1. If you add up the charges near R75, with Lys and Arg at +1 and Asp and Glu at -1, over every other residue whose beta carbon is less than 10 angstrom from its beta carbon, what do you get?
2. Which trypsin sites (Lys or Arg not before Pro) in the range 69-116 sit in a loop by DSSP (not H, G, I, E or B) and have at most 14 other Cβ atoms within 10 Å of their own Cβ?
3. Per residue, what accessible area does the chain have, given a 1.4 Å probe and all protein chains present, in Å²?
4. For K146, go through the aspartates and glutamates and keep the ones whose alpha-carbon is under 20 Å away, minus same-chain ones fewer than eight residues off.
5. In 5 Å bins starting at 0, how do the alpha-carbon pair distances of the chain split up by percent?
6. Return the FRET efficiency for the residue pair E70, S37: r is the Cβ-Cβ distance, R0 is 41 Å, and the value is rounded to the nearest 0.05.
7. Using label points projected 7 Å from each Cα along Cα→Cβ, tell me how many nm separate N3 and D114, to one decimal.
8. Which of I32, I66, I97 ends up with the largest GNM mean-square fluctuation for the chain, with Cα atoms connected below 10 Å?
Amino acid sequence: MQNLFIYHILIDRFAGQIKPDRKLNEFLGGNIRGIISKLDYLKELGVDVLWLSPFYETNQYHGYHITNFEKPDSRFGNIQDLKELVDAAHHKSMQIIADFVPNHCSVNHPFFRDALQNSASTYRKWFYFDKHNQYRSFLYFKEIPKINLDYQ
């Protein structure tokens, strides 16, 4: 496949609500149902592939601070909404790329919280800790600890 038009969608900001007093880091209500409602428009633009920002449970509107890798964030929708989006996109000969973040999570992820609070935690080796209980983070953002991808 060559020359595909890939359109990246930050779920919370696509078809969300613009509020004049909004804060930059708040959720604005964009969701998977909103994307479904705009599929005809996106197809008319010539979009072949939708690249979705992470939709897993998160504590940030952009989805990159994941707190649970196993289920969608209810603010974005549910698993049925995702299935409907994929089916509807495929029906329009469009494809979906789901942005998955395997190298970091939120400091609020329960596995990280356990590892941070307990040096004997089962999850301790899932992250990078030094002898002072300091952890390595992704791009120096302390709110997203780096996952140790070398640990099985």
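1. Around R75, the surrounding residues sum to -3.
2. K92
3. On a per-residue basis, the chain sits at 62 Å².
4. E57, E70, D99, D114, D130
5. 2, 9, 17, 18, 15, 13, 11, 8, 5, 2, 1, 0
6. 0.95
7. 5.2
8. Highest fluctuation of the listed residues: I97.
The values are calculated or read from the model by the stated rules, or taken from the named source; none is laboratory data. Computed from a predicted structure; not experimentally measured. Neighbour counts run over all protein chains shown; Cβ positions are idealised from the backbone, glycine included. With ligands, DNA and RNA removed, areas are computed over all heavy atoms of the protein, side chains included. Shrake-Rupley method; radii C 1.70, N 1.55, O 1.52, S 1.80 Å.
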